[in-house]
Amino acid sequence: MIENLKSFLKQSQGKHFFVACSGGLDSMVLLQLVAESKVPFTVLHVNYQLRGEESDGDETFVSEHCKTHKLPFESIRVDLGKILAENKGNLQNEARKIRYAYFKSHVDKTPSSYVITAHHAADQIETFWLQLFRGSGISGMAGMTAKNDFIFRPLLPYSKAEILAFAQQNALKWREDASNQNPKYARNFLRLEALPFLRIKMPEIDSEVRLLQQVFQEELIVAKEKAVELSGKWHSTQRIEFDDMNNNSIVFHEAMKLCSIPSVYFQALLDLTKAEKGKKLIIENPGASIKEIVKESRFLALVSNVLPPKLCIQTEVTTSLPESFNRDVWYIDGMHLTHEIELRPWKSGEKMKPIGLKGSKKISDILKDFGIESNKKAFHPIAILNGEILGIPGVCLSQKFMATQNSTRIIKVTFAPC
């Protein structure tokens, strides 16, 4: 076990490691193995203060162990009960967020560093069943990988029995968490009741699950590579083609993940392709780069949370009109330029009379006719002069303000990203 760990850490080329240690059996075995491997490391502990004196006892136990063996130790105390009361979140999910944020803060401050956790084979099996029941798909059921971003899990190949045997052979001490015996938590129920029953009826079930997870992980590697391309296309074109929906579902789900679109919206996206044009799907995820998705005739338009580049206005006096015109450059009659030109969002129902039209037309219709997609229309500014609509940058100028050969003063107006 120790030789495998040494090889694992050597291949990582890490210069410092942070060992996540709760004080339980698994993490104390991990700590012993890392200590024997002679790599530079620091022990990290999180006290959630959920079990009163027991939680404090866990922290003291790990702290004293590190002091005795002269190991660097750091800990954090978090009132998880208070956080849950305020946020109404899931206990285990909130604990995980806090734990990994704490780990990440250390990694960010330490070059070439990684966090090592004590997840083992039994955790992997439990994860498979939990994700299956939650309907998370292959990406969830594939389970944990030995290396993932800044997290290393070198004990994944080892069973609980092997870990216990190592602890006993090395006379290790550890703390028992009474809450791990409470079947009200889904993972505990699986470990204590459901899986033991299944193993009696189907002794090979664990090995079959491990084989299945291996297949899933291999498929995920390929799918994630394709998902990077797909999500990149979505961002550059600001649309999801209907054909994308026929893509490998794993690839599509991974692409959604890269865009921070929760997987629960997958069915809603399928339904949106069959809806009438203009139908919207609001993405309720503050971290998502996509705010809403709009049904167009042949694709789904993505409305980004990121605003388009700000436009700057340049004006200069010129003496003549050009032979050809550019929509980003306007020539207006100088007699109208009594105030500065301003940019603002257009309002529903606003109208203007573009050059070449006999009557006025709604801004929304002009943008639509010009081919501006629904996801970009809302962000397209209009130019205002003297309190009136001067035009739509990059689209059209109002007939009222245009310069002619009879204009005594011509102003050239240019719009460009700032």
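The values are calculated or read from the model by the stated rules, or taken from the named source; none is laboratory data. Quick caveat, the model's predicted, so the values are computed rather than measured. In this analysis, Cβ positions are derived from the backbone assuming ideal geometry, glycine residues included, and neighbour counts consider all displayed protein chains.
Name the residue, out of GLY356, GLY391, GLY349, that is touching a strand residue (DSSP E or B) at 6+ places or on another chain (Cβ under 9 Å), of a type in the set (Gly, Ala, Ser) and in a strand (DSSP E or B). Just a single option satisfies the conditions, and that option is GLY391. For the range 298-319, the count of residues that are crowded, with 16+ Cβ neighbours inside 10 Å, at pLDDT 90 or above and of a type outside the set (A, V, I, L, M) is nonzero. Taken as a whole, the condition of being within 42 Å of the chain's Cα centre (by Cα), β-branched (Val, Ile, Thr), under 21 Å from LYS310 (Cβ atoms) and not assigned by TED's automatic domain parsing to the domain that holds ARG239 does not apply to ILE366. So, in the range 65-90, how many residues would count as being touching a residue at least 12 places away in the same chain (Cβ under 8 Å), over 24 Å from the mean Cα position of the chain (by Cα) and not in a loop (DSSP other than H, G, I, E, B)? Count: 8. One residue stands out among those in the range 333-352 that are under 24 Å from THR318 (Cβ atoms) and not aliphatic (A, V, I, L, M): the one that is modelled with the lowest pLDDT, which is THR338.
Taking the criterion of being modelled with pLDDT under 90, surrounded by 15 or more Cβ atoms within 10 Å (Cβ to Cβ), in contact with a Leu (Cβ under 8 Å, 6 or more places away or on another chain) and not small (Gly, Ala, Ser), would at least one residue in the range 354-375 satisfy it? Within the range 354-375, one or more residues are modelled with pLDDT under 90, surrounded by 15 or more Cβ atoms within 10 Å (Cβ to Cβ), in contact with a Leu (Cβ under 8 Å, 6 or more places away or on another chain) and not small (Gly, Ala, Ser).
Of the helices (runs of 4 or more DSSP H) contained entirely in the range 112-190, those carrying at least 1 residues that are crowded, with 16+ Cβ neighbours inside 10 Å and β-branched (Val, Ile, Thr) fall at 121-134, 138-141, 160-169. Here SER55 fits the description: among the hydroxyl-bearing types (Ser, Thr, Tyr) and at pLDDT below 95. If you take the residues in the range 312-339 that are free of Cβ contacts under 8 Å to residues at least 12 places away in the same chain and assigned to a loop (DSSP other than H, G, I, E, B), which one is farthest from THR414 (Cα to Cα)? Among those that are free of Cβ contacts under 8 Å to residues at least 12 places away in the same chain and assigned to a loop (DSSP other than H, G, I, E, B), it is GLU323.
Per-residue answers, yes or no, for (1) among the hydroxyl-bearing types (Ser, Thr, Tyr); (2) more than 34 Å from the chain's Cα centre (by Cα):
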| site | (1), (2) |
| --- | --- |
| LYS38 | no, yes |
| THR42 | yes, no |
| PHE61 | no, yes |
| LYS97 | no, no |
| LYS109 | no, no |
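Of a type in the set (D, E, K, R), over 30 Å from PHE299 (Cα atoms) and within 45 Å of the chain's Cα centre (by Cα): does that describe GLU350? In short, no. A single member of VAL29, VAL34, VAL19, VAL43 is among the β-branched types (Val, Ile, Thr) and under 21 Å from ALA178 (Cα atoms), and it is VAL29.
Given the condition within 41 Å of the chain's Cα centre (by Cα), in a strand (DSSP E or B) and either in the same structural domain as PHE299 (by TED's automatic domain parsing) or β-branched (Val, Ile, Thr) (or both), answer yes or no: does some residue in the range 375-382 qualify? Yes, the range 375-382 contains a residue that is within 41 Å of the chain's Cα centre (by Cα), in a strand (DSSP E or B) and either in the same structural domain as PHE299 (by TED's automatic domain parsing) or β-branched (Val, Ile, Thr) (or both).
Taking the criterion of being polar (S, T, N, Q) and surrounded by 16 or more Cβ atoms within 10 Å (Cβ to Cβ), the only residue of the range 200-216 that qualifies is GLN213.
Is it fair to say ALA223 is part of a helix (DSSP H, G or I) and aliphatic (A, V, I, L, M)? Spelling it out, ALA223 is indeed part of a helix (DSSP H, G or I) and aliphatic (A, V, I, L, M).
Looking at SER260, SER236 in this structure, which one is over 18 Å from MET141 (Cα atoms), surrounded by 13 or more Cβ atoms within 10 Å (Cβ to Cβ), outside the structural domain of TRP129 (by TED's automatic domain parsing) and free of Cβ contacts under 8 Å to residues at least 40 places away in the same chain? Answer to the check: SER260. Please work out if GLY81 is out of contact with any Lys or Arg (no Cβ under 7 Å at 6 or more places or on another chain) and either of a type in the set (Phe, Trp, Tyr) or surrounded by fewer than 18 Cβ atoms within 10 Å (Cβ to Cβ) (or both). When the stated conditions are applied, GLY81 passes them. For the range 52-79, filtering for residues that are out of contact with any Asp or Glu (no Cβ under 6 Å at 6 or more places or on another chain) and more than 17 Å from TRP174 (Cα to Cα) leaves 8.
Within the range 334-343, if we keep just the residues that are of a type outside the set (A, V, I, L, M, F, W, C) and within 50 Å of the chain's Cα centre (by Cα), the residue that is surrounded by the fewest Cβ atoms within 10 Å (Cβ to Cβ) turns out to be THR338.
Only one of the listed residues (VAL62, VAL34, VAL46, VAL29) is of a type in the set (A, V, I, L, M, F, W, C), in contact with a Phe, Trp or Tyr (Cβ under 8 Å, 6 or more places away or on another chain) and either at positive phi or not in a helix (DSSP H, G or I) (or both). That residue is VAL46.
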